[in-house]
Amino acid sequence: MPTDKIISFYLEEPLRKSAQAGEHNFINLMAAVVKRSGLEPVFLPSSNHDHSVSGYSLSHMTSPPNDKGLVFRRVYHYPFWQIEAVSQRWHWDVARASFDPINASDDAARFYRFWQKRLFGDAPQRASKRGLVYVPLQGQLLRKRIFQSCTPLEMVQHCLTHDANRQIVVTLHPKETYRSDELAGLEALSREHARLTIDIGNMEKYLQTCDYVVTQNSSAAFSGYFFGKPTLLFGQVDFHHIAERANMLSLRESFERVAALKPAFAAYIWWFWQDQSINAGRDDAKTKIAARLRRFGWPISEE
């Protein structure tokens, strides 16, 4: 078959084996869409993925190898997915889109309650505000990366400086490996500030009790939306629309605003997932997949 008729799926193990066996719902749907347009899906190991390859491709969570390649990844929870040209979420179409709660479906409240229960059981219904700021950390605490306003350790310092009354709970990511100098920096802050507590994980516990979340772009902040907790962002991300963005020239005001923020959480979750993402469990999933592929110039036929 001509190379321009082949769609290479670059997948890590065991996802590749699952796709070949037809056991992955979203990949099955994408494969069906490309087959309908006379294209042939081929499932390859991620190790075959390099910038010398040509032709159309779909890579799971990693940057495409060329300008004909796309990336697909889960939108935080199953069965929601997205197909994009780049892997960085802050450059996705949804990050550039405008959210207006007035355009949300009448079903938004029911949809929101369903996913609160599905993801977290009764915990969101027991949420309260107990005078603490939840700061979920990711990695590289001493480095300011291109999508960040400051280093993560500096972000913790800003919390201590600009919210002088609340307890600050900083959590390390359980799957990250931290260097000794990173941990030493945090420990020095905790010795200096009795209001600072350091923990590992326990996201749900702190989402239940915090007043608001402060993060670079941790998905814990997105989970916080299901608990009705507003977020102050020190980094770029796709779910920024109802969050407060840190103004590095006026951080005190940023902290004051997030503490008073009351976004339209239900409308936003419906818009972000049901309108802007691909729900692989819905009848219109193939239609939305085809539309995304055509959005990037792929030769995908209309139904």
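The values are calculated or read from the model by the stated rules, or taken from the named source; none is laboratory data. It should be emphasised that the depicted structure is a prediction, and the values quoted were computed from it without experimental measurement. Every residue, glycine among them, receives a Cβ derived from its backbone with ideal geometry; neighbour counts consider all protein chains shown. Side chains are part of the model used for accessible areas, which takes the heavy atoms of the whole protein and leaves out ligands, DNA and RNA. Shrake-Rupley method; radii C 1.70, N 1.55, O 1.52, S 1.80 Å.
Please state which one of Ser63, Ser98, Ser54 is hydroxyl-bearing (Ser, Thr, Tyr) and either open to solvent by less than 70 Å² (accessible area, probe 1.4 Å) or closer than 22 Å to Met203 by Cα (or both). Being hydroxyl-bearing (Ser, Thr, Tyr) and either open to solvent by less than 70 Å² (accessible area, probe 1.4 Å) or closer than 22 Å to Met203 by Cα (or both) holds for just one of Ser63, Ser98, Ser54, which is Ser63.
Screening Asn25, Asn48 for residues that are at pLDDT below 95, open to solvent by 60 Å² or more (accessible area, probe 1.4 Å) and closer than 22 Å to Ser87 by Cα leaves exactly one candidate, Asn48.
Per-residue answers, yes or no, for (1) more than 20 Å from Ser98 (Cα to Cα); (2) more than 16 Å from the chain's Cα centre (by Cα):
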| position | (1), (2) |
| --- | --- |
| Asp181 | yes, yes |
| Leu186 | yes, yes |
| Gln208 | yes, yes |
| Leu232 | no, no |
| Ala246 | no, yes |
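Could you tell me whether region 33-49 includes any residue that is aromatic (Phe, Trp, Tyr) and in contact (Cβ under 8 Å) with a residue 40 or more places away in the chain? Looking for residues that are aromatic (Phe, Trp, Tyr) and in contact (Cβ under 8 Å) with a residue 40 or more places away in the chain, one finds none in region 33-49, hence no. In the set (1) in contact with a Ser or Thr (Cβ under 6 Å, 6 or more places away or on another chain); (2) without any contact (Cβ under 8 Å) to a residue 60 or more places away in the chain; (3) small (Gly, Ala, Ser), Ala246 fails one condition alone, (2). Pairing each residue of region 167-194 that is surrounded by fewer than 17 Cβ atoms within 10 Å (Cβ to Cβ) and in a helix (DSSP H, G or I) with any residue that is among the charged types (D, E, K, R) and at pLDDT 95 or above, provided the two are 6+ apart or on different chains, yields no C-beta distance under 9 Å.
Which residues, counting only those in region 118-144, are in contact (Cβ under 8 Å) with a residue 60 or more places away in the chain and either assigned to a loop (DSSP other than H, G, I, E, B) or open to solvent by 30 Å² or more (accessible area, probe 1.4 Å) (or both)? Leu119, Arg126, Ala127, Ser128, Lys129, Arg130, Gly131, Leu137, Gln138, listed by residue number. The set of residues from region 28-45 being over 10 Å from Phe9 (Cα atoms) and open to solvent by 40 Å² or more (accessible area, probe 1.4 Å) comprises Asn28, Lys35, Arg36, Gly38, Glu40. Considering only residues of region 147-166 that are open to solvent by 40 Å² or more (accessible area, probe 1.4 Å) and more than 20 Å from His240 (Cβ to Cβ), which is nearest to the chain's Cα centre (by Cα)? This residue is Gln157. Which one is nearest to Gly69 (Cα to Cα) among residues in region 1-12 that are touching a strand residue (DSSP E or B) at 6+ places or on another chain (Cβ under 7 Å) and open to solvent by 80 Å² or more (accessible area, probe 1.4 Å)? Across region 1-12, the extreme among qualifying residues is Lys5.
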